[in-house]
Amino acid sequence: MSFFYLVAFLSVIFSLMTIFTKNPVHSVLYLVITFFTFTVHYIMLNAQFLAVVNFIVYMGAIMVLFLFVLMLLNLNKDTEPMKSPLVKVMGTIAGMCLLATFLGAFRALEHNDILITPHENIGLVENLGKVLFGEFLLPFELSSILLLTAMVGAVLLAKHEKGVKKQHG
Amino acid sequence: MDNMVSQLQGIPLQHYLIFCSTIFAIGVIGVLTRRNVIIIMMSIELMLNAVNLLLAAFSAHHADPAGQVFVFFIMALAAAEVAVGLAIVIMVYRNTKSLDIDSLTKLRF
């Protein structure tokens, strides 16, 4: 039981480090650690398929893509654009107000002690596959079209244009 | 793994709500306070992940696999978003030589 609070604490710490560290590369690495703690959360929720997918897709693919782009653009602390302190303070206050609103709304909820009990193995690949290919077959196929469209769009966008090439050599 | 799962007995759903909204608020603060486009996109990923975990928690609580299927769809959407977004970032950097979000005000007509 206390393990959950330990991992939740680590998640909050590392996500705070993600947004407050100056160097973008360190930021990506802290975000990877945050996602790892999320994977641990999924395992504790008995959602084993999601844990594996989170590990492979987020930590393996998406974060490596971020890191690759950061390295490609050769960014470091010196090229980091800084906002004025006033904007930072205002942004932090706005975020805290949002959090206070959320917590106030949850307090207004009915306060019965709902305990999560991970009964049944709903998180296994077998059960999720049955739901995914039965009830959610159409959205699943549509998401494949979405990924294909994103792939074509990314290739078209990142392709070197001739006019740009002349300007910057 | 059974040991880890049994650790979960006795965690109220309310604590998951508080934890996930904290992570979501941290993502919002990141979007509001940073100027680097890539870090703003990473904060959006943080917000998406907070919602994912909350969906999984509700799914485990109600013993309904539909919530975990939604998480799967959100992950597919996040992957598409990151691919297109990073391509746009590369194009903007190639043209303006900066990753400042304020340089994108040139996108106005």
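Per-structure values
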read-out	value
Distant-in-sequence amide H partners of B:D100 (H built 1.01 Å from N, under 5 Å)	none
Chain B - mean residue ellipticity at 222 nm from DSSP helices (-39,500 (n - 2.57) per run, n ≥ 4, rounded to 500)	-26500 deg cm²/dmol
Three-way shape label, region A:12-102, alpha-carbon gyration tensor, a/c 1.5	oblate
Cross-link pairs beyond the 21 Å C-alpha cut-off, checked among A:K88/B:K106; A:K159/B:K97; A:K22/A:K159	A:K88/B:K106; A:K22/A:K159
Dimensions (Å) - chain B, Cα atoms, principal axes, largest first	54, 27, 25
Backbone HN-Hα couplings from phi across region B:81-86 [Karplus 6.51/-1.76/1.60, Hz, Gly and Pro as x]	4, 5, 4, 5, x, 5
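Every number here is computed from the coordinates shown, using simple stated rules; none is lab data. Nothing here was measured: the structure is a model prediction, and the numbers come from that model.
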